[in-house]
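A short worksheet on the structure shown next.
The values are calculated or read from the model by the stated rules, or taken from the named source; none is laboratory data. All figures in this text were calculated on a predicted structure; none of them were measured in a lab. Positions of Cβ are backbone-derived with ideal geometry, glycine not excepted, and every protein chain shown enters the neighbour counts.
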Amino acid sequence: MKRYSRISGTGSYLPPHRLSNADLVAELAAKGVETSDAWIVERTGIRARHFVTDGVYASDLALEAAKNALQAAGCTAQDIDLIIVATSTPDMVFPSTACIVQNKLGANGGAAFDVQAVCSGFIYALTVADAMIKTGVAQRALVIGTEVFSRILDFRDRTTCVLFGDGAGAVVLQASDTPGILASDLHADGKYVDILCVPGHVSGGGVLGDALLKMDGQAVFKLAVGVLEDTARATLSKAQLSEADIDWLIPHQANIRIMQSTARKLKISMDKVVVTVDQHGNTSAASIPLALDWAIRTGKIKAGETLMLEGVGGGFTWGALLLNL
Ligand code: ACO
């Protein structure tokens with residue numbers, strides 16, 4: 001019998017400290033940085049984001065999201081034999097955040113590793129987990145996107161610091177006789193390293209170079225709208241389906257204008273696009289599983305529906321994944 005992988009539960013977690021645009025505008029004004037709610041909403045669709053407080057790390061957010069996903073899937077940490085964490089803001093240089101989460105869950109013994117593909121990280125991680133389950137390497141995986149981007153933001157740079165937030169989302173993906181994940185498509189083009197990066201690195205006991213996020217927003221915007229259409233079409237073609245078969249589009253939540261443009265190109269109504277960027281900001285690798293969990297828990301998305309997940313981010317990386325829930 002053919003072996004597939006299926007999502008059996010989702011979970012997410014947002015740190016309690018929520019900043020509306022007005023809160024952030026006031027904090028930035030105190031530092032002499034001028035921005036406004038009107039500019040942020042008009043250019044990005046973002047109205048609020050959550051930030052961690054001191055002493056809270058990516059693994060802490062991941063742990064809460066994972067617990068929620070395990071509960072939804074009706075299983076325990078002991079049933080998990082693979083943990084993949086997508087993050088660009090890991091707790092440590094090493095070991096992986098996945099190993100730290102594994103230990104916090106008390107699920108020791110299975111495979112655990114991180115995937116680093118910035119905002120496409122969750123699509124990459126889910127694709128890897130799907131392949132490992134289909135080939136029999138794993139039975140039941142926790143796939144997590146978790147970020148504390150507030151730690152790498154330059155709060156003197158208004159062109160980037162208003163865009164991002166912290167959070168985590170997780171899914172339990174398990175072996176199944178019936179298809180859950182139908183097709184996926186991954187890409188990268190390393191010549192665009194410089195348009196979105198944190199260029200610093202650890203050396204000799206300190207950080208060398210700049211360890212804050214740098215982004216050429218317009219270059220990212222232009223690339224994003226093109227590749228998101230291409231990867232969605234490529235994924236549909238692999239599954240021999242068409243745009244009309246998509247019940248819900250769950251794009252990486254970076255900017256409402258990128259989402260609108262992608263939906264327009266794919267001829268998908270915005271009513272079928274899951275939008276959380278307004279409340280979460282851009283949570284990088286966490287944004288897609290956060291949006292997925294929110295849409296399931298609010299009853300928007302139902303079992304049996306067909307979902308297109310797609311992401312784009314630093315690298316430059318991009319990809320999409322089509323699944324039956
Ligand atoms: N508040 C007020 N004014 C601002 C702000 C701000 N926060 N930021 C920039 N401005 C000003 C600029 O200085 C500029 O002023 P000027 O005309 O006097 O020079 C003006 O607003 C317009 O700036 P642009 O950069 O042209 O604004 P644009 O419409 O391109 O919007 C934005 C900028 C929102 C960053 C947009 O380019 C974008 O969304 N890009 C994609 C970013 C993205 O999605 N990144 C993440 C994808 S990958 C990942 O998730 C890691």
| Just to be sure, is Ile123 farther than 24 Å from Pro179 by Cα, touching a residue at least 40 places away in the same chain (Cβ under 8 Å) and either assigned to a helix (DSSP H, G or I) or within 14 Å of the ligand (Cβ to nearest atom) (or both)? | no
| query | Taking the stretch 164-216 only, how many residues are β-branched (Val, Ile, Thr) and part of a helix (DSSP H, G or I)? | reply | 2
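Yes or no, residue by residue, for (1) in contact with a Lys or Arg (Cβ under 7 Å, 6 or more places away or on another chain); (2) over 29 Å from Gln279 (Cα atoms):
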position: Asp157; (1), (2): no, no
position: Val171; (1), (2): no, no
position: Asp177; (1), (2): no, yes
position: Leu182; (1), (2): no, yes
position: Cys197; (1), (2): yes, no
position: Gly206; (1), (2): no, yes
position: Ala211; (1), (2): no, no
| In the list Phe113, Phe155, Phe94, which residue meets the criterion of being of a type in the set (A, V, I, L, M, F, W, C), within 16 Å of the ligand (Cβ to nearest atom), surrounded by fewer than 23 Cβ atoms within 10 Å (Cβ to Cβ) and not in a helix (DSSP H, G or I)? | Phe155
| Are any residues in the stretch 158-169 within 12 Å of the ligand (Cβ to nearest atom) and either crowded, with 18+ Cβ neighbours inside 10 Å or touching a residue at least 60 places away in the same chain (Cβ under 8 Å) (or both), and if so, which ones? | Arg158, Thr160, Cys161, Val162, Leu163, Phe164, Gly165
| query | Is at least one residue of the stretch 288-298 over 23 Å from Gln240 (Cβ atoms), modelled with pLDDT of 95 or more, in contact with a Cys (Cβ under 7 Å, 6 or more places away or on another chain) and within 13 Å of the ligand (Cβ to nearest atom)? | reply | no
| task | Taking Ala175 as the residue in question, decide whether it is over 24 Å from Arg156 (Cβ atoms), in contact with a helix residue (DSSP H, G or I) (Cβ under 7 Å, 6 or more places away or on another chain) and surrounded by 12 or more Cβ atoms within 10 Å (Cβ to Cβ). | result | yes
| When Arg257 is evaluated against the numbered criteria (1) crowded, with 18+ Cβ neighbours inside 10 Å; (2) within 12 Å of the ligand (Cβ to nearest atom), which criterion, by number, is the only one it fails? | (1)
| message | What pairs come out if I take residues in the stretch 207-223 that are of a type outside the set (Asp, Glu) and pair them with residues that are away from the ligand (no atom under 13 Å from the Cβ) and outside any helix (DSSP H, G or I) whose C-beta lies under 7 Å away, six or more apart or interchain? | response | Val207/Gly200; Leu208/Gly200; Leu208/His201; Gly209/Pro199; Gly209/Gly200; Gly209/His201; Ala211/Gly200; Lys214/Pro199
| query | Given the structure, is Ala183 in contact with a Leu (Cβ under 6 Å, 6 or more places away or on another chain), under 25 Å from Ala48 (Cα atoms) and more than 11 Å from the ligand (Cβ to nearest atom)? | reply | no
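Residue by residue, here is whether (1) touching a Ser or Thr at 6+ places or on another chain (Cβ under 6 Å); (2) under 27 Å from Thr159 (Cβ atoms); (3) in a helix (DSSP H, G or I) holds:
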residue: Ala285; (1), (2), (3): yes, yes, yes
residue: Leu292; (1), (2), (3): yes, no, yes
residue: Gly299; (1), (2), (3): no, no, no
residue: Ala303; (1), (2), (3): no, no, no
residue: Gly315; (1), (2), (3): no, yes, no
residue: Leu322; (1), (2), (3): yes, no, no
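Surrounded by 15 or more Cβ atoms within 10 Å (Cβ to Cβ) and either β-branched (Val, Ile, Thr) or part of a helix (DSSP H, G or I) (or both): is that true of Leu223 in this structure?
In short, yes.
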| message | Tell me yes or no: at least one residue of the stretch 70-87 is touching a Phe, Trp or Tyr at 6+ places or on another chain (Cβ under 7 Å), hydrophobic (A, V, I, L, M, F, W, C), part of a loop (DSSP other than H, G, I, E, B) and under 22 Å from Leu182 (Cα atoms). | response | no
| Hey, does the stretch 219-233 have a residue that's within 16 Å of the ligand (Cβ to nearest atom), more than 20 Å from the chain's Cα centre (by Cα) and modelled with pLDDT of 95 or more? | yes
| said: Yes or no: the stretch 132-150 includes at least one residue that is within 14 Å of the ligand (Cβ to nearest atom) and among the charged types (D, E, K, R). | reply: yes
